[in-house]
1. Residue by residue through the range 55-71, note down the ones that are of a type in the set (S, T, N, Q) and either closer than 21 Å to residue 19 by Cα or part of a helix (DSSP H, G or I) (or both).
2. Go through the residues of the range 84-92 one by one and say whether even a single one is over 13 Å from the mean Cα position of the chain (by Cα), surrounded by fewer than 16 Cβ atoms within 10 Å (Cβ to Cβ) and either part of a helix (DSSP H, G or I) or modelled with pLDDT of 95 or more (or both).
3. In the range 1-40, which residues are of a type in the set (Ser, Thr, Tyr) and assigned to a loop (DSSP other than H, G, I, E, B)?
4. Report the residue count in the range 1-26 for those that are among the polar types (S, T, N, Q) and under 20 Å from residue 100 (Cβ atoms).
5. Checking residue 23 against (1) at pLDDT 95 or above; (2) over 18 Å from residue 141 (Cβ atoms); (3) not hydrophobic (A, V, I, L, M, F, W, C): exactly one of these is not met. Which one?
6. Among the residues of the range 100-133 satisfying the criterion of being acidic (Asp, Glu) and modelled with pLDDT of 95 or more, which is nearest to residue 20 (Cα to Cα)?
Amino acid sequence: MIDYDQILLPTDGSEASQRAIAYAVGTAARHDATLHALHVVDAGPDSTQGTSGGLSADELNQDAEKSIETVTQEANNADIVVETAIDSGVAHESIVEYIDTNDIDLVVMGTRGRSGIQRFILGSVAEEVIRTADAPVMTIKPSLNAEE
């Protein structure tokens, strides 16, 4: 059996990342692993930070803290050790750097399920992480049925 000691859950507070929490916590519990929760405040070229009508840095940091706290609560409820971090940068680059720096064995992350031209235009953080990370990546698709 493959054993995971360090599991990373990148979170942005979205529905997609919310769904990934249960998978990450469950996997960490089964392997008695440390769960790392990382929120990257997007400072990439498509960031809304600093643009008119966008969110302020304070609002972005508050959202980051809220998404990290949600993961922390779920991990604490399952008696799992959790380490948290908030970073600023291009999301997939910060995630891959965190993986390398912290010897992450498994990444569990949500994906928004975009396809076709929408994915091509907007890109995909999960896809970039899958292509560039030196750790396996488990992606959790968003619910297709709201009554699940």
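1. 61, 62, 67, 70
2. There is no residue in the range 84-92 that is over 13 Å from the mean Cα position of the chain (by Cα), surrounded by fewer than 16 Cβ atoms within 10 Å (Cβ to Cβ) and either part of a helix (DSSP H, G or I) or modelled with pLDDT of 95 or more (or both).
3. Within the range 1-40, 4, 11, 14 meet the criteria.
4. Total meeting the criteria: 2.
5. (2)
6. 105
The values are calculated or read from the model by the stated rules, or taken from the named source; none is laboratory data. Remember, it's a predicted structure, so these values are computed and weren't measured experimentally. Cβ: placed from backbone, ideal geometry, glycine included. Neighbour counts: every protein chain shown.
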